[in-house]
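To start, the structure itself, in C-alpha cells.
The values are calculated or read from the model by the stated rules, or taken from the named source; none is laboratory data. Small disclaimer: the values here were computed from a predicted structure and weren't measured. Methodologically, a virtual Cβ is constructed for each residue, glycine included, from the backbone with ideal geometry; neighbour enumeration extends over all protein chains shown.
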Amino acid sequence: MKFKALKTKEELSLYSDLTYKYIDVRLPLEYLQKSKVIACFNRQGFICGGFVIVLEGPFRVITSIPNFNEQKWHHQLKNCAEVTGLWFDNSHTHRRASIKFWLKVYFELLKTKKEYFTYAWSLKKPKLGEIYAHGNPVILFRGETNILPGMDQTDHESVEIVKRRDLLLTPLLKPTFLLKRVRGTRSLKAHNQHQRQILSRPIIHEAN
C-alpha cells in the first residue's frame, strides 16, 4: 500500500466520488483544491482510502453545527486544522493495511504543527467514534447537523476537537488501538471492481 497527495482536478474529482460512496458526502472540488488530500493505493494502483486535511477555515465541520458559538472557541480554532473526507475500505486484504493507514493520518496531522484538530463522525457509525475516543476529544456538538454542499440530507453527527498533545500521546497511552489492527483479519472482496463501477472508465494512478 502506497500513499500519494492528490492535486489534479481528475484525481480530486475521483476522490470526491469515492468519498461519496463510502461516507455519503461529496466534497466540493473547490474545497479539496484548497486542502491537502492524501489517498492510499492498493497493489493494483486503485484508491482504497484517504483523508483530507484543511489548514485554514472556515471549516465544514464547524459550519455544520447549528447556532455554533464560534467566539467561545476562537482561541482553539485559530490554531486548528480540520480532518475530513476520511475513509478506508476494510475489505483490503493486507492485515497491516489498517495500521499503516492510521499511522499515516497520525503523522500527517503532527506535521501540520497545529495545536488542535477538529473533525466529525456520523452517530450511525459508533465504531468510528470508538477510534476517535482514544485521543480524549472534547465534544463541540452532538445531534442533527446543517446540510452542507455535497450532502443529500442532514445527518446526526458528533463534532469534536482534540489537542495535539493528546493526539501525540495516544500511541503510548493506548497502544491496544494499533495492536488490534495488526492482529485483525480482512476478508477478500471485489474492491477494485467496486471502484470501476463508480466511474465509466477504469482509473488507475501510480502512487509515487
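Pick from the range 111-124 the residues that are in contact with an Asp or Glu (Cβ under 7 Å, 6 or more places away or on another chain) and in a strand (DSSP E or B): which of them is surrounded by the fewest Cβ atoms within 10 Å (Cβ to Cβ)? Outline the logic, then answer.
If we filter the range 111-124 for residues that are in contact with an Asp or Glu (Cβ under 7 Å, 6 or more places away or on another chain), which is where we start, we get 118-123.
Subset that is in a strand (DSSP E or B): 118-122.
Numbers: THR118: 26, TYR119: 23, ALA120: 26, TRP121: 21, SER122: 16.
Among residues in the range 111-124 that are in contact with an Asp or Glu (Cβ under 7 Å, 6 or more places away or on another chain) and in a strand (DSSP E or B), the one surrounded by the fewest Cβ atoms within 10 Å (Cβ to Cβ) is SER122.
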Could you figure out which of (1) surrounded by 14 or more Cβ atoms within 10 Å (Cβ to Cβ); (2) in a loop (DSSP other than H, G, I, E, B); (3) modelled with pLDDT under 90 isn't true of LEU178?
(2)
Tally time: how many residues in the range 66-92 are more than 18 Å from the chain's Cα centre (by Cα) and either closer than 18 Å to VAL162 by Cα or crowded, with 19+ Cβ neighbours inside 10 Å (or both)?
12
Have a look at GLU82, GLU108 and point out the one that is part of a helix (DSSP H, G or I), at pLDDT 95 or above and on the phi < 0 side of the Ramachandran plot.
GLU108
Only one of (1) over 23 Å from TYR132 (Cα atoms); (2) surrounded by 14 or more Cβ atoms within 10 Å (Cβ to Cβ); (3) of a type in the set (Ser, Thr, Tyr) fails for SER16. Which number is that?
(1)
Does HIS134 satisfy being in a loop (DSSP other than H, G, I, E, B) and either modelled with pLDDT under 90 or under 26 Å from GLN153 (Cα atoms) (or both)?
no
Just to be sure I understand the filter: pairs with C-beta atoms under 7 Å, separated by 6 or more residues or on different chains, first member in the range 77-92 and closer than 12 Å to PHE51 by Cα, second member part of a strand (DSSP E or B) and of a type in the set (A, V, I, L, M). Which pairs pass?
GLU82/VAL54; VAL83/ILE53; THR84/VAL52; THR84/VAL54; GLY85/VAL52
Residue list for the range 32-46, restricted to those being in contact with a helix residue (DSSP H, G or I) (Cβ under 7 Å, 6 or more places away or on another chain), modelled with pLDDT of 95 or more and surrounded by fewer than 19 Cβ atoms within 10 Å (Cβ to Cβ):
GLN33
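Which residues, counting only those in the range 148-170, are of a type in the set (Ser, Thr, Tyr) and either under 15 Å from the mean Cα position of the chain (by Cα) or assigned to a loop (DSSP other than H, G, I, E, B) (or both)?
From the range 148-170, those of a type in the set (Ser, Thr, Tyr) are 154, 158, 170; that's our starting set.
Across the range 148-170, the qualifying residues are THR154, SER158.
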Filter result for LEU128 (under 13 Å from SER158 (Cα atoms) and assigned to a helix (DSSP H, G or I))
yes
Restricted to the range 47-58, and to residues that are crowded, with 21+ Cβ neighbours inside 10 Å and among the hydrophobic types (A, V, I, L, M, F, W, C), which residue is farthest from TYR15 (Cα to Cα)?
VAL54
Starting from residues that are more than 23 Å from LYS7 (Cβ to Cβ) and assigned to a loop (DSSP other than H, G, I, E, B), keep the ones in the range 43-65 and report whichever is nearest to the chain's Cα centre (by Cα).
SER64
Taking the condition of being surrounded by fewer than 17 Cβ atoms within 10 Å (Cβ to Cβ) and more than 17 Å from the chain's Cα centre (by Cα), how many residues in the range 125-147 meet it?
8
